[in-house]
1. Which residues, counting only those in the stretch 78-96, are touching a helix residue (DSSP H, G or I) at 6+ places or on another chain (Cβ under 7 Å) and touching a residue at least 40 places away in the same chain (Cβ under 8 Å)?
2. Please work out which residue is surrounded by the fewest Cβ atoms within 10 Å (Cβ to Cβ), limiting yourself to the stretch 133-169 and to residues that are more than 8 Å from the ligand (Cβ to nearest atom) and farther than 27 Å from residue 55 by Cα.
3. Being closer than 30 Å to residue 18 by Cβ and not polar (S, T, N, Q) is true for just one of 61, 146. Which residue is that?
4. Please determine whether any residue of the stretch 52-63 is within 16 Å of the ligand (Cβ to nearest atom) and either in a helix (DSSP H, G or I) or among the β-branched types (Val, Ile, Thr) (or both).
5. Out of all the residues in the stretch 14-50, which are part of a helix (DSSP H, G or I), over 17 Å from the mean Cα position of the chain (by Cα) and in contact (Cβ under 8 Å) with a residue 24 or more places away in the chain?
Amino acid sequence: MKTLNQSDKDYLLSTIRDIKDFPKPGIVFKDITTLLADTRAFNFLMDHLADRYENEDIDFIAGIEARGFIFGAALAAKIGGSFVPIRKPGKLPYTTVSEKYSLEYGVDEVEIHIDAFKCDKKEPRVLLIDDLIATGGTATAAVSLINKAGAKCVEACFLLNLTFLQGDKEIKETTSVYSVLEVD
Ligand code: AMP
């Protein structure tokens with residue numbers, strides 16, 4: 001499947017803004033609103049993702065709240081799959097399945113509608129998408145959720161991977177992982 005060359009990666013990375021000490025001291029927040037506001041960069045990214053996935057027989061694209069919704073919905077419209085939201089607890093109105101995951105302190109949870117992947121296929125093929133993988137907790141829980149809801153996660157796709165956190169290590173045991181950009 002297609003990847004980007006280094007100069008294309010450098011270009012996309014240059015459109016993402018670093019915000020130091022947000023939301024707390026020591027964190028460098030990757031602000032993708034600057035990429036979204038840049039028509040050329042956003043189109044370039046979406047064309048690349050469409051190029052990579054359009055012949056992969058993807059039935060559903062599941063986006064993680066909230067920035068995964070932006071890339072996921074745009075990609076679904078481009079390659080003709082259905083978009084499915086994975087949300088924080090209590091946000092989805094119909095019956096849900098949920099998956100808890102550990103944070104540094106405490107637990108968090110993600111939810112999906114029980115019938116999210118309803119279709120005439122026995123094992124629908126799902127692409128998971130989010131803007132960034134850090135520790136990998138959210139995405140690993142999202143893959144379990146996709147399996148619980150009766151579908152197969154064929155790949156987990158991120159715009160950015162903070163490689164120094166090795167968040168893709170655990171998730172790689174259950175699905176393939178693709179990061180457009182890597183940051184060390
Ligand atoms: P994690 O579960 O630790 O992999 O965290 C992933 C989620 O947290 C993603 O939905 C990201 O949008 C968000 N996130 C974590 N760290 C950052 C960061 N440094 N910059 C921007 N978003 C982040």
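All of the numbers you see were taken from the coordinates with simple rules; none came from a lab. Because the structure is a prediction, the values reported are computed rather than measured. Glycine gets a Cβ as well: all are built from the backbone with ideal geometry, and neighbour counts include every protein chain shown.
1. Restricting attention to the stretch 78-96, the residues satisfying the condition of being touching a helix residue (DSSP H, G or I) at 6+ places or on another chain (Cβ under 7 Å) are 78-79, 82-83, 85-86.
Across the stretch 78-96, the qualifying residue is only 86.
2. Among those that are more than 8 Å from the ligand (Cβ to nearest atom) and farther than 27 Å from residue 55 by Cα, it is 164.
3. 61
4. Looking through the stretch 52-63, at least one residue is within 16 Å of the ligand (Cβ to nearest atom) and either in a helix (DSSP H, G or I) or among the β-branched types (Val, Ile, Thr) (or both).
5. 41, 44
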